[in-house]
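To start, the structure itself, in structure tokens.
No lab work stands behind these numbers, since they all come straight from the coordinates. Just so we're clear, the structure is a prediction, and the values are computed from it rather than from any experiment. Ideal geometry is used to build each Cβ from the backbone, glycine not excepted, and the neighbour counts take in all protein chains shown.
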Amino acid sequence: MLLRIAARVELATLALLLLNLVTVHRAAVSSLLGPTHGAAYLVVILATWQATSRRGLRLLAFVPGVGGVLVLRRTPRPSRPQTQSMPGTTR
């Protein structure tokens, strides 16, 4: 869960930083989003190292901006447990 959130924050802040760079280039936006992006990048790396021992996934986490998304794409999702309906109820 932490990896999923951090990967999205990392990608979103990168997109916003680049958008700011090519449009208005406000220093206040960069000073807010830059550290946020950096923190999300570090969280992605640490969460990946905690979640898996696969060397390839750990190396992918180091790709700036999209590493978290790449790790999530290559990590199998856990299957959801099947829920049983209570007798007399409908789904």
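Before moving on, here are some points about what is shown:
- With Cα atoms, 0 to 90° folded angle of helix 27-51 axis to the chain main axis: 40 degrees
- Using Cβ point charges alone (K and R +1, D and E -1), the dipole size of the chain about the Cα centre works out to roughly 400 debye.
- Spacing of the two label points (7 Å from each Cα toward its C-beta) at Thr75 and Ala28, in nm: 3.6 nm
- Reported label for calculated Rg/Rh (Cα atoms, Kirkwood Rh) given (1) 0.96; (2) 1.15; (3) 1.21: (3)
- Computing FRET efficiency as 1/(1 + (r/R0)^6) for Arg55 and Ala15, where r is the C-beta to C-beta distance and R0 is 35 Å, gives about 0.75.
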